[in-house]
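Structure first, then comments.
The values are calculated or read from the model by the stated rules, or taken from the named source; none is laboratory data. Remember, it's a predicted structure, so these values are computed and weren't measured experimentally. Every residue, glycine as well, gets a Cβ built from its backbone with ideal geometry; the counts of neighbours run over all protein chains shown. When the accessible area is computed, the model is the full protein with side chains, heavy atoms only, and any ligands, DNA or RNA have been set aside. Shrake-Rupley method; radii C 1.70, N 1.55, O 1.52, S 1.80 Å.
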Amino acid sequence: MMSSVKQLLFTVEEYQQRVRDVRAHMRERQIDVLLIDQTEFLFWLTGFGISENMYRACLLPLDGEPVMIFRSIDESTFVESSWMTSMVTFSDWQQPLEVLTATLTERGWHQGRLGLDQDSYCMTINRFRALRQRLPQTEIVDFSGILEQVRECKSEQELAYIGRAALVGDEAFTRTVAAAGPGTTERQAAAMLHQVFMAQGLDTNRCGIITAGVGNSFLHGNLHDRPLAVGDVLHMELLPFCHGYSARMMRPVVIGSATDEQHRLAEQLIAIQDRQLAAMRPGAHANEIDALAREAMLAAGLRTEYVNITGYSLGYYPLSSPHTSDFSRVFLPDANWRLKSGMVFHMYVSAAGMAFSETVLVTPNGHQRLTQTERRLFIASAI
């Protein structure tokens with residue numbers, strides 16, 4: 001029996017405002033129908049964040065009701081999670097692109113201008129060729145980069161989900177450090193974090209990057225089973241998710257006891273990042289915010305080179321997405337955009353096996369740290 005109980009993560013009014021925002025850009029580009037197929041954008045607009053085991057898409061006309069096209073097996077999930085009511089479903093032996101182009105033709109949308117996000121990881125070269133072949137009368141218009149733009153400033157409910165994730169992340173970190181010590185493995189630390197996430201109602205998703213802090217290229221390190229020894233740095237990047245919305249935080253944890261040099265390095269990293277965060281406010285240039293961390297790190301001799309970004313956008317990351325981070329807004333020396341109120345970022349600095357990061361909200365008057373764990377070097381000495 002199909003469920004009739006709606007479980008919307010946002011109000012219908014919020015979804016409809018998102019539609020209006022997208023349509024404003026469609027009008028500017030004289031687009032009659034927009035095809036949306038990338039998972040992040042599907043969820044943001046429809047509430048339905050289904051994976052791409054089989055192709056699925058939403059057709060948003062400039063006027064009228066949007067329609068979702070997807071597998072019949074997922075109908076009950078769509079009805080439960082989406083505010084939309086118009087749908088076209090297909091059996092697993094049907095070709096999704098045939099169903100999509102037939103829907104466009106039946107509704108008379110094939111004779112207009114079709115907007116397409118040509119950066120979408122779901123629109124493969126073969127799909128694009130097939131689409132053009134099946135729709136010879138349709139003019140295809142590039143809509144790349146627009147959906148990232150319209151969702152870059154978070155709503156109050158989105159901020160509530162990110163804030164909840166940050167709060168549970170803080171708690172999970174505190175509990176894990178208290179239980180860890182010499183002999184603890186990275187995998188055991190990850191299991192402790194994930195247990196707290198699950199117990200506190202967060203998503204069954206990634207628990208984070210938990211690895212040994214060594215050198216300058218450890219941020220994407222692997223998870224190991226070897227016991228940690230006294231003096232080792234346990235790098236902990238927590239990735240708590242609440243309804244797909246992620247907060248993030250990095251802290252270094254020294255096993256057993258820390259050296260004076262480790263304490264000094266931690267203090268330098270924190271001081272540099274504190275100056276960077278203090279400058280984050282609406283209107284600030286992203287490249288100038290980046291320079292406050294990057295140039296200070298190099299000038300202090302903490303790194304001989306700084307090849308990575310110093311921050312990036314946060315928001316919704318579906319489990320099925322190939323993207324684990326939103327790089328539509330990143331902090332680099334050549335970043336020529338400005339900060340806006342409502343943007344949320346993961347800001348980080350790292351050197352010599354240590355990293356500090358925060359989930360940061362840009363407010364009308366400055367910034368707010370959503371992650372609240374104390375900014376210091378932690379020692380794990382449980383026996």
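Karplus-based coupling profile of region 300-307, in residue order and whole Hz: 7, x, 6, 9, 7, 8, 9, 8, with θ = phi - 60° in 6.51 cos²θ - 1.76 cosθ + 1.60 and x standing for Gly or Pro. The longest stretch of the chain left intact once loop-based GluC sites (Glu not before Pro) with at most 12 other Cβ atoms within 10 Å are removed from consideration, loops following DSSP, is 1-304. Computed over protein heavy atoms with a 1.4 angstrom probe, the accessible surface ordering of TYR15, TYR161, largest first, is TYR161, TYR15. Applying 0.36 nm per residue to the separation of THR85 and SER144 and subtracting their alpha-carbon distance, the gain on full extension is 18.6 nm. Amide H to amide H, with H built 1.01 Å from N, GLY311 comes under 5 Å of PHE331, TYR348, counting only residues 5 or more places away or on other chains.
For region 168-270, the fraction of 1.4 Å probe accessible surface lying on carbon and sulfur atoms is 51 percent. Solvent-accessible area assigned to carbon and sulfur over region 1-61 amounts to 49 percent, based on a 1.4 Å probe. Amide H to amide H distances under 5 Å link ALA57 with ILE69, where only residues 5 or more positions off or on other chains count and H is placed in the peptide plane. Only Lys, Arg, Asp and Glu carry charge here, each on its Cβ (+1 for the first two, -1 for the last two); on that basis the chain has a dipole of about 180 debye about its Cα centre. Of the listed values (i) 4, 18, 22, 18, 14, 11, 7, 4, 2, 0; (ii) 5, 22, 28, 22, 15, 7, 1, 0; (iii) 5, 22, 34, 27, 10, 2, 0, grab the one calculated as P(r) over Cα pairs in 10 Å bins from 0, in percent from the structure here. Derived directly from the coordinates: (ii). Sequentially through region 120-135, phi angles give Karplus couplings (6.51, -1.76, 1.60; θ = phi - 60°) of 4, 6, 8, 9, 5, 4, 5, 5, 4, 4, 5, 4, 5, 5, 7, 10 Hz, Gly and Pro residues having no value and appearing as x. For the chain, find the longest principal axis of its Cα atoms and tell me its angle to the long axis of helix 156-179, 0 to 90°, nearest 10. Result, in degrees: 30.
Largest accessible area first, the residues HIS285, HIS235 order themselves as HIS285, HIS235 under a 1.4 Å probe with ligands, DNA and RNA left out. Surface exposure of the chain, expressed per residue as accessible area with a 1.4 Å probe, stands at 44 Å². Quick check: the angle from helix 12-28's long axis to the longest principal axis of the chain, C-alpha only, nearest 10 degrees? Approximately 70 degrees, to the nearest 10.
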